[in-house]
Amino acid sequence: MTVSFYTLGCKLNFAETSTIGRLFDDKGYTRVEFGEIADVVVINSCTVTAQADKKCRQAIHKAVKTSPNATVVVAGCFAELKAAEIAQIKGVSMVLGNRDKFSIIKKLDQLRTANDELPFTGDELPAYHSSYSLFDRTRSFLKVQDGCDYKCTYCTIPKARGQSRNAPIAEAVAQAQEIVAGGVREIVLTGVNVGDFGHSTGENFVQLLTALDAVDGLERIRTGSVEPNLLTEEMVRLIAHSTKLAPHFHIPLQSGCNRILALMARRYRRELFAEKLALIHRHIPQAGIGADVIVGFPGETDEDFADTFAFIESLKLSYLHVFVFSERAGTKAAEMPAKVPHPIAEERSKALIELSNQKKAAFYRKHIGQKVSVLFEQREKDGIMTGFTGSYAKVEAPFDAALTGHCTEVIPIGIGISGNLISRMNERTRERVNG
């Protein structure tokens, strides 16, 4: 029996797909690439935007067209919220929300016993299922938390994934040890709201980081995205004094206008965000810091966006992830007046992306001439390999298989035509420097 997988959305989904894949491995399935003929096709869905929903439908149609006799299983967040709608799509055999997707082998057995197309979905709060990815020997996404208790007005994830919960620290450490035993050197912590770790076990995120920092053989740990109101000085100090915890922070901002933050029901104001950045730079001057921003939220005026732009421009950020607001049915934001026309939202997005490019280039220039540690990846393109510094600056160099999966000290000498840092390896590298 053969099985293929297609994953949409966040790193958390990729970690869960990888774990589900190992369930099939244990049952003797052979994996094939998505788009090849398979007996079972598993699509792990996302529903954070309307575009994610669209991509899921496209993946379903591709799976059915490629493998018309396959058992097509749609799982994940879109499946959790729109089970009945997905079940009506021709060729879909089973729908598994987040409550049921880790029971997929059992559900497949039930489906075959029933000898009929039978969609499944869960009704109870999902239990916590630990997960991690093993795509290559460079890094792994380790799920440490799931669900969210926040009620942001634009988000459906709390409905799709339930309340905040996690496994005990001991279980996360055991999985980290398994990952290291497989030859992986970097772990990226994933979850819906990882800073809220410990909510269901009486522990906290700093305790988790401290325990993972002690795992033998692990060279680098990235904390994932942490809400600004959950980012503490204790956490920053721990990262500052660790040789394993990467000096890289991703902090959701969403808007630089306090009026819009209030409409979003975010748990902070922009002043707190600025304080957190100052805290990080005080303890870790070389830190890389990224932020998420949503443009075109209902009610966002030109003045509100100008306020956001000026605020972000004043911050010492390394990059932005910019999103155009996507209306989600069942959220408070969907009912809000003063919708922003899509062309205007797109123009605002382009302006922030350009600002992000400027900040990223300035951040990269700080690395030139400085010795940095890069974890090079196995992937090769046109004789070039790439990797990331601890602060999340991307570095490229001529491919050398001996360097893959290891932290290597290099000295960047410039920024290449690709926008990546170029490391000092040989004269061929110098020729790729732009200007």
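The values are calculated or read from the model by the stated rules, or taken from the named source; none is laboratory data. Everything quoted here is computed from the prediction, not taken from an experiment. Neighbour counts are summed over all protein chains in view; Cβ atoms, including those assigned to glycine, are modelled from backbone coordinates with ideal geometry.
Residues in the stretch 88-98 that are surrounded by fewer than 22 Cβ atoms within 10 Å (Cβ to Cβ), touching a helix residue (DSSP H, G or I) at 6+ places or on another chain (Cβ under 9 Å) and not basic (Lys, Arg): Ile89, Gly91, Val92, Ser93.
For the stretch 140-164, filtered to residues that are buried (at least 23 other Cβ atoms within 10 Å of the Cβ) and basic (Lys, Arg), the residue that is farthest from Ile294 (Cα to Cα) is Lys143. Being of a type in the set (Gly, Ala, Ser) and touching an Asp or Glu at 6+ places or on another chain (Cβ under 6 Å) is a description that applies to Ala334.
Using the structure shown, decide if Asn13 is at pLDDT below 95, closer than 28 Å to Gly224 by Cβ and buried (at least 21 other Cβ atoms within 10 Å of the Cβ). Taking the combined requirement at face value, the residue satisfies it.
Would a scan of the stretch 63-72 turn up a residue that is of a type in the set (A, V, I, L, M, F, W, C), assigned to a strand (DSSP E or B) and buried (at least 22 other Cβ atoms within 10 Å of the Cβ)? Within the stretch 63-72, one or more residues are of a type in the set (A, V, I, L, M, F, W, C), assigned to a strand (DSSP E or B) and buried (at least 22 other Cβ atoms within 10 Å of the Cβ). Return yes or no: is Thr243 assigned to a helix (DSSP H, G or I) and surrounded by fewer than 19 Cβ atoms within 10 Å (Cβ to Cβ)? Considered against the rule, which asks whether it is assigned to a helix (DSSP H, G or I) and surrounded by fewer than 19 Cβ atoms within 10 Å (Cβ to Cβ), Thr243 comes out as no.
Of Lys359, Lys371, Lys366, all but one fail to be surrounded by fewer than 19 Cβ atoms within 10 Å (Cβ to Cβ), under 25 Å from Asp292 (Cα atoms) and of a type in the set (D, E, K, R); the exception is Lys366. Being in a loop (DSSP other than H, G, I, E, B), of a type in the set (D, E, K, R), modelled with pLDDT of 95 or more and more than 20 Å from the chain's Cα centre (by Cα): is that true of Glu203 here? Spelling it out, Glu203 is indeed in a loop (DSSP other than H, G, I, E, B), of a type in the set (D, E, K, R), modelled with pLDDT of 95 or more and more than 20 Å from the chain's Cα centre (by Cα).
Would you confirm whether any residue within the stretch 79-86 is outside the structural domain of Glu178 (by TED's automatic domain parsing) and exposed (fewer than 15 other Cβ atoms within 10 Å of the Cβ)? Yes, the stretch 79-86 contains at least one residue that is outside the structural domain of Glu178 (by TED's automatic domain parsing) and exposed (fewer than 15 other Cβ atoms within 10 Å of the Cβ). Each residue in the stretch 405-432 was checked for being at pLDDT below 85 and either surrounded by 13 or more Cβ atoms within 10 Å (Cβ to Cβ) or assigned to a loop (DSSP other than H, G, I, E, B) (or both), and 7 of them qualify.
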